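See below for the structure under consideration.
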Amino acid sequence: MINFYVQFWQTPVKMPWMSQHVAFLRGINLGRHKVIKMEDLRQIFMSYGFSNVLTYINTGNVIFESDEKKLQENIIELHLEKSLGFKVEIFLRTMQEVTKIASHAPFMSTENETVHVVFLRKALDKQTRERLLSLKSAADDFAATGKEIYNLRFDMDKSIFSNNFIEKIVKDSATTRNLTTVKKIAEKYA
């Protein structure tokens, strides 16, 4: 009987009244800048009252549950800055949204291609979307759906795509993940 309770408490249990979220952190663990150990990040999120907090790879993907109906990115960012001593931008999505992003991507990559997902704070206006889509080339293709931009890289050497490039186009902050990472988060944690 004791063994059952030990196993029960070591395994994250999804509570039906809680909603599952993913926080995609921008610009951490790139070289020596904004270095955060994933265990420390997990502990910080737990200290905010979130439950079943997990991290996926070292690029700042935090999976957690909250009983709050509407989480605010800026409030979590303020808590992170206070805990870490530097500003970190986050892009929140529900796990349902992440699953949809992973399964409804407009591009599928072949052997030498990659697909990236850019997370934005708000959907693109018509003019910005048209400017982005006009950049399609032999090296890159772009699509925008909701608060995400997709980039299919045909040729890494000639590609113009980068997170900074997208931020200049949309005139706002963004963070980028490989579609494979997004799919693995959805498969593993949803």
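Coordinate-derived values only; no laboratory data. Not measured: the values here are computed from a predicted model. Glycine also receives a Cβ, built like all others from the backbone with ideal geometry; neighbour counts cover every protein chain displayed.
A compact table of results
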item: Reference-scaled alpha-carbon Rg (2.2 N^0.38 Å with N residues) for the chain; result: 1.10
item: Efficiency of FRET from Cβ geometry, K168 and Y48, R₀ 35 Å, rounded to 0.05; result: 0.60
item: Value of [θ]222 nm, deg cm²/dmol, for the chain, DSSP H segments ≥ 4, -39500 (n - 2.57) each, nearest 500; result: -10000 deg cm²/dmol
item: Set K37/K126; K37/K136; K69/K122; K168/K188; K82/K122 screened for pairs whose C-alpha atoms are more than 30 Å apart; result: K37/K126; K37/K136; K168/K188
item: Furthest towards positive pole of dipole, F142, Y56, S103, structure part the chain, Cβ charges; result: F142
item: Only Lys, Arg (+1) and Asp, Glu (-1) charged, at Cβ; the chain dipole about Cα centre in debye; result: 240
